[in-house]
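So the structure is just underneath, and the comments pick up after that.
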Amino acid sequence: MLIAPSLLSCDFSKMGSEIERMDKAGADWMHLDVMDGHFVPNITFGAPVYKTVRPYSDKPFDVHLMITDPLRYIDDFADAGADMITFHVECDSPIEETIEKIKSRGIKVGLVIKPDTPAEAVFPYLDRLDLVLVMTVEPGFGGQSFMADMLPKVTAIRRECEARGIELLIEADGGIGEATIAQAAAAGVDVCVAGTAVFKADDAKKAIENLKALCN
């Protein structure tokens, strides 16, 4: 299991040092939630802020675009140093064109589905993706409760990939912690986004180690 701390739960006044802290604690990826206040009812940070914190870790940066028109901003985040860009299948941008734009920049690409969106919505695009992110809370705010009834989507996506000989990673985001990560792992999740569970822990390194141990 890979653990990707969500910067949504960090202290924004010292984001660079928070990234360094997670890096030293054993994080596998850094997860950055980009919200536009339109696609979801919250606003976080954009590419200029992201660019300033990119030098604080050489771990892969996983940029999750919760925005209405992601295609418009791909170059901005690519230029800022994104390693992976995921965007929502529910967005207004043309899905195939956005996928190809991300791939043209040499960046891994993923699609995200909200809780009300069925797993089948991503099936037409699986052979062009590196990642599928299944939201296990309603996107927009951190600290929400894990929605276990989203896990059958993970299993359905995994089965579809196996049936078609497709290899990709499945990520889960929302409410992941010691009480829920084993369920996610059992369903077939490869990458867990963890916010409060690691950033608010007394010992982030121990928290990440515990999360991984619970998956075994």
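Bear in mind that the values in this text are calculations on the coordinates, not laboratory data. Being a predicted model, the structure only gives us computed values, none of them experimental. Note that each Cβ is placed from the backbone with ideal geometry, even for glycine, and that neighbours are counted across all protein chains shown.
Every residue in segment 73-98 that is aliphatic (A, V, I, L, M), in contact with an Asp or Glu (Cβ under 9 Å, 6 or more places away or on another chain) and part of a loop (DSSP other than H, G, I, E, B), please. If the condition is that a residue be aliphatic (A, V, I, L, M), in contact with an Asp or Glu (Cβ under 9 Å, 6 or more places away or on another chain) and part of a loop (DSSP other than H, G, I, E, B), then A82 is the only one that fits. Tell me, please, whether a residue that is touching a Lys or Arg at 6+ places or on another chain (Cβ under 8 Å), of a type in the set (G, A, S) and part of a helix (DSSP H, G or I) can be found in segment 145-153. Checking segment 145-153: not a single residue is touching a Lys or Arg at 6+ places or on another chain (Cβ under 8 Å), of a type in the set (G, A, S) and part of a helix (DSSP H, G or I).
In segment 99-144, the residue that is surrounded by the most Cβ atoms within 10 Å (Cβ to Cβ) out of those that are in a loop (DSSP other than H, G, I, E, B) and β-branched (V, I, T) is T136. Of the residues contained in segment 22-43, none is found to be more than 25 Å from K101 (Cβ to Cβ), without any contact (Cβ under 8 Å) to a residue 12 or more places away in the chain and either buried (at least 24 other Cβ atoms within 10 Å of the Cβ) or basic (K, R) (or both). Scanning segment 175-202 for residues that are in contact (Cβ under 8 Å) with a residue 60 or more places away in the chain and of a type in the set (D, E, K, R) turns up D190, K200.
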